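Accompanying notes for the structure given below.
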Amino acid sequence: MTSLSAAREQGKGLDNPKALYGGSRNRRVSVRDLALAKERGERWPMLTAYDAMTASVFDEAGIPVLLVGDSMGNCHLGYESTVPVTLDEMTMLAAAVVRGTSRALVVGDLTFGSYQEGPVQALRSATRLVKEAGVGAVKLEGGERSLAATALIVESGIPVMAHLGLTPQSVNTLGHRVQGRSEEAAQQLVRDAKAAQDAGAFAVVLELVPAEVAAEVTRSLHIPVVGIGAGPDTDAQVLVWTDMAGLTGGKVPRFTKQYLDLRRSLGDAARAYAEEVVGGAFPAEEHTFH
């Protein structure tokens, strides 16, 4: 039996339907794996991650793609939006996520101001994330306006994930509104997605767009489409992990689903710890050295 055949027998081969999500793998997930999943009609999950410990949990759970998103600004660094996040902050936290994983493809966001000057600046920023943080791909916002940057980065050997629809770095212009509801806007989204594909992007994220538009984009492309607030018909789904786990405080977006009430659980644990310290129950004899 050849080594390739042996790998397939063990569930590690690219042709195994279970190889992408939760499948046994002795290497990192690649953009080629995602392309093959699209061909097979295999859906896959993506989550954000911003530190080594959380990333290791998701990696062990089999999540094949982890996005070190500039959403860290809102849910990790205490900013009001993603705009203030710097490339230094992104590089540091992306490196931590890479160190905490062994299987997931780690995608790092190009932060606001790190690529808007043009393709050369974009390539410089993407190269830094690859060399210093060790990410396997980068993500940048914008359709036609980001095509030259996408093409140059891809030509230089760095995979690019495009981001269309509601692009949080443009919140001061777009606001937090569903994008692509008019016929003209929907057609522009389709054009942007096809243009990103033609520029070499290996995947497209669609955020906060009508399900019908997302379905049309997904049918129109041969690369995977990742949805967030884009309905059920995309090839993959992504959520901010603090929303998914119920850690985010206040009102959560309609398109998220909480699979855990982690905020309450952590609060209960902290209060139980505090009560034991105040009451003298902790540390007990089993926690004490003599």
*Which semi-axis lengths, in whole Å and largest first, follow from the square roots of five times the eigenvalues of the Cα gyration tensor of the chain?*
33, 25, 19
*Run the dipole for the stretch 92-207 about the Cα centre, Lys and Arg Cβ at +1, Asp and Glu Cβ at -1, nothing else charged, and hand back the magnitude in debye, nearest 20.*
360
_Listed residues H287, I158, V97: farthest to the positive end of the dipole of the chain (Cβ charges)_ = I158
_Prolate/oblate/rounded label for the stretch 61-177 (Cα gyration tensor, a/c 1.5)_ = oblate
*Once every DSSP H run of n ≥ 4 in the chain is given -39500 (n - 2.57) and the sum is divided by its residues, what mean residue ellipticity at 222 nm do you get, rounded to the nearest 500 deg cm²/dmol?*
-11500 deg cm²/dmol
*asked:* If you average the C-alpha positions of the stretch 25-40 and of the stretch 258-290 separately, how far apart do those two centres end up, in angstrom?
replied: 42
*What angle, in degrees between 0 and 90 and rounded to the nearest 10, separates the Cα long axis of helix 52-61 from the longest principal axis of the Cα atoms of the chain?*
70
*asked:* Please list, by residue number, everything in the stretch 196-234 whose backbone N is under 18 Å from a paramagnetic label point 7 Å out along Cα→Cβ of E183.
replied: 210, 212-214, 216-217
*Among G62, T48, C75 the positive-end extreme of the charge dipole of the chain (Cβ point charges)*: G62
_Using the crude model of +1 on Lys and Arg Cβ and -1 on Asp and Glu Cβ, and no other charge, please compute the dipole size for the chain relative to its Cα centre, in debye to 20._
620
*For helix 119-128, report the angle its Cα long axis makes with the longest principal axis of the Cα atoms of the chain; keep it between 0 and 90° and round to the nearest 10°.*
30
_If you fit an axis through the alpha-carbon atoms of helix 31-40 and take the longest principal axis of the Cα set of the chain, what angle between them do you get, 0 to 90°, nearest 10?_
70
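Values in this text are rule-based calculations from the coordinates and carry no lab data. Here the structure is a predicted model, which means the values were calculated and not measured. Neighbour counts are summed over all protein chains in view; Cβ atoms, including those assigned to glycine, are modelled from backbone coordinates with ideal geometry.
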